[in-house]
Amino acid sequence: MNAISKISDTDRYARCIQSSKRVRWDIDEDVIRGRHFDVADKFLPDGLSLTDAFTTLSNDEKRLVSQIQGRTYANVFGLVERFIIAKVLELSHDHWFGDQVALEALVRFSDEELKHQALFRRIDAMVSDVLPAGYRFDVDANAVAHAVLGKSTWAVLALTLDIELFTQLHYRQSIEPDTELSELFKDVFLYHWKEESQHAMLDELEWVRHDAGLTAEQRDRAVDEFIDLVAAVDGILQAQAKADAGYFVMTCGRVVHEDEARAIESAFLKAYRWQYIHSGAQHPKFGKVLSSLITENQSQRIQAALATLQ
Ligand SMILES: [Fe+2]
Ligand SMILES: [Fe+2]
């Protein structure tokens, strides 16, 4: 037995609490600090907005794309955090009369996600102050949460770990030297990631704990449900790519013909699939935890499903 495997689950939950207390931040005092967005800045780094895929656009237009995507970033997080909190609160029942350290860790997790939703609502409103009218994000967070929570806990935790791990990658992208990137948006990535890193540890603990109680048949069904959930996320991304491309065409200040509009919509979708599906699915930690729980055949089913979303 190596030193790492000697750490008990209670100790792992306790570490998450320590880190939650250490990094805890306030929306106004730490993240926003009285600042405003400036349309002279990019909001998302090129590595996330995939500006190279927007081959027909000028640099100024690519900056607008990064701003639209930044607003959508805030809205997508606000959306997924709605079902993540509900699932975490549900899982906390398992600890009510058991490990009180685990219970505290999950309560803090939920509290942080409520704060993140408030942060992302603020970011959406602040971006709307500086960008032209007409932006749409018509996805109902509660309807999505109901649909997601209709799937098994195993599948929801798989999707949640995927999401919470990619915030780390997004933060790393944003700290790459980029003098045109909004300092305020950089801080959104930084502060969000600080609390997400312990969420990802808790997702893993809860996923592995829950998995241990499943039969092989239940797990096999859950793998298909995870694939269904990823497809549902992709459906949302397709609709938003269409909405955001339409908004870009409407506000970019020049005539965009149909072929180019279609190419712009494809580039938005490519960027969103990278941001919300592949950057998490390709995260080494996600692959490691997932492969420790599933068979080779199940892994191939997931890989085949992900490969269709290119
Ligand atoms: Fe969050
Ligand atoms: Fe989180």
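Derivation of every value follows stated rules applied to the coordinates shown; laboratory data play no part. Predicted model only: the values in this text are computed from it and were never measured. Ideal geometry is used to build each Cβ from the backbone, glycine not excepted, and the neighbour counts take in all protein chains shown.
Results, tabulated for the structure shown:
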item	result
Exposed-site-free run, longest, the chain (rule: chymotrypsin sites (Phe, Trp or Tyr not before Pro); DSSP loop; at most 14 other C-beta within 10 Å)	98-310
ALA231 paired with SER8, simple spin-label distance in nm, labels 7 Å along Cα-to-beta-carbon	4.4 nm
Where trypsin sites (Lys or Arg not before Pro) fall in DSSP loop in region 212-301, at most 14 other Cβ within 10 Å	ARG254
Volume in Å³ per residue [convex hull over Cα atoms, computed for the chain]	137 Å³
Debye, to nearest 20: dipole size of the chain, +1 on Lys, Arg Cβ, -1 on Asp, Glu Cβ	260 debye
Restricting region 178-268 to GluC sites (Glu not before Pro) in coil, as DSSP defines it, with at most 15 other Cβ within 10 Å	GLU180
Long-range amide H partners of LEU181 with built H, under 5 Å	LYS42
Anisotropy class of region 118-181 from Cα gyration tensor, a/c 1.5 cut	oblate
Separation of alpha-carbon centers, region 108-169 and region 252-310, rounded to whole Å	18 Å
Proxy reagent accessibility, fewest Cβ within 10 Å first, across THR167, THR295	THR295, THR167
Qualifying lysines (Cα of each under 30 Å from Cα of LYS186; at least 8 residues distant if same chain)	LYS21, LYS42, LYS62, LYS87, LYS115, LYS194, LYS242, LYS270, LYS285, LYS288
Förster radius 51 Å - calculated FRET efficiency between GLU29 and ASN297, Cβ distance, rounded to 0.05	0.50
Length gained when the stretch LEU149-LYS242 is fully extended (0.36 nm per residue, less Cα-Cα span)	30.9 nm
